[in-house]
Structure formats: structure tokens, C-alpha cells
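Read-outs: derived from the displayed coordinates by stated rules, not from any lab. Everything quoted here is computed from the prediction, not taken from an experiment. Glycine also receives a Cβ, built like all others from the backbone with ideal geometry; neighbour counts cover every protein chain displayed.
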Amino acid sequence: MKKTILVIDDFETSAFVLASTLKTKGFGVIKANSGEEAIKALNGQQIDLVISDYNMPNMNGLDFVEKLKTIEAYQRTPIFILSTETSRDVKNRAKNIGVTVWIKKPFKVHQLLGLIDRIL
């Protein structure tokens, strides 16, 4: 069965490239440009993995994760955060709220795909 990945990034080009890459690897992809849009897009459907940017307006990636974790259906969903952020405090917060993997931008696509294969 095809796995579905939710991709959240306010930078349209990044979201498009990542979503296109995932689709060519056989994943179903749901794209959102913000955390708010992502919450609305979920609509109770099965999501196997979330890949979110950290730095986004209104609701950053970790605020999104906190909101997501309040929804029972998604409490065990693995979450990858992509970011240029290097703050230890931010990374510790990510770990404490349930982020599975923190990926530093820029990243190599083959490494991201390897992580996805291991998690899914």
C-alpha cells in the first residue's frame, strides 16, 4: 500500500521539489504552505510521515507539531523537521514534543530518502 507523506513548507519551490521527488519514489503526497493549511488538509486521513519546514510565519514547524500531537489519529505519526536553525534549545524542544528526525538544510535528497525508508 502506498505511503502518504504530508509536506509543509511556506517556500513553494522547496515544497514542489520535495513533493515531486517523493512522488517519483512512489509516495502519495499532500502539500501545505503553512501549519494552519496542513491541519485543515489532514481531515482525518491516514498520514504515514510528516516533513515540515521549521521557519514559517504564524505557526512554525514545532508549533504545528504540538497542534498535530493533540489529534489522536496523528500522535504516533513520525515527523521530520527541515531547518537551518542550529539552536540547541529549539532542537531540544523538538525532541521533547516528539519530532522524530531533525534535518539540517541544505540536505542531500538521497540521505532524506534513506531516512524515510528506515522510518517507514
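With a ≥ b ≥ c taken as the square roots of the eigenvalues of the C-alpha gyration tensor of the range 56-117, please select rounded if a/c is under 1.5 and otherwise prolate if a/b is larger than b/c or oblate if it is not? Walk me through the intermediate numbers first.
Working: a/c = 1.88, a/b = 1.24, b/c = 1.51.
Verdict is oblate for the range 56-117.
The range 70-92 to the range 29-57: how many Å between their Cα centroids?
First find each Cα centre; the distance between them is then 12 Å.
Could you work out which residue, out of 94, 41, 19, moves most in a Gaussian network model of the chain, that is, has the largest mean-square fluctuation with Cα springs under 10 Å?
41
Please build a GNM for the chain, connecting alpha carbons under 10 Å apart, and tell me which residue among 48, 89, 63 fluctuates the most.
Between 48, 89, 63, it is 89 that shows the largest mean-square fluctuation.
Could you check which residue among 23, 67, 108 shows the biggest mean-square fluctuation in a GNM of the chain with a 10 Å Cα cutoff?
For the chain, modelled as a Gaussian network with Cα springs under 10 Å, the answer is 108.
What Rg and what Dmax come out for the chain when only alpha-carbon atoms are used, in angstroms?
Radius of gyration, then largest Cα-Cα span, for the chain: 13.0, 38 Å.
Note the full-extension length gain between residue 104 and residue 12 as 0.36 nm times their separation in residues minus their Cα-Cα distance, in nm to one decimal. Show your work: numbers first, answer last.
Working: separation 92, 0.36 × 92 = 33.12 nm, distance 1.86 nm.
Extra length from residue 104 to residue 12 when fully extended: 31.3 nm.
With charges set only on the Cβ (+1 for Lys and Arg, -1 for Asp and Glu), what does the dipole of the chain come to about its Cα centre, in debye to the nearest 20? Walk me through the numbers on the way to the answer.
Values: 17 positive and 13 negative charges, 102 e Å.
For the chain, the charge dipole is close to 500 debye.
Where does the longest stretch of the chain lie that holds no chymotrypsin sites (Phe, Trp or Tyr not before Pro) found in a DSSP loop with 14 or fewer other Cβ atoms within 10 Å? Numbers along the way, then the final one.
Details: sites that count: 11, 107.
Answer - 12-106.
Residue by residue, what Karplus-based ³J(HN,Hα) values in Hz, rounded to whole numbers, does the range 52-59 have, using 6.51, -1.76 and 1.60 with θ = phi - 60° and x for Gly and Pro?
Result, ordered by residue: 10, 5, 8, 7, 9, x, 6, 9 Hz.
Which residues in the range 19-54 place their backbone N less than 11 Å from a point set 7 Å from the Cα of residue 2 along the Cα-to-Cβ direction?
Label zone hits: 23-30.
Report the relative contact order of the chain, percent, no decimals, based on alpha-carbon pairs under 8 angstrom and at least 6 residues apart. Don't jump to the answer; show the numbers that get you there.
Details: 175 pairs, mean separation 26.2, N = 120.
In percent, rounded to a whole number, it is 22.
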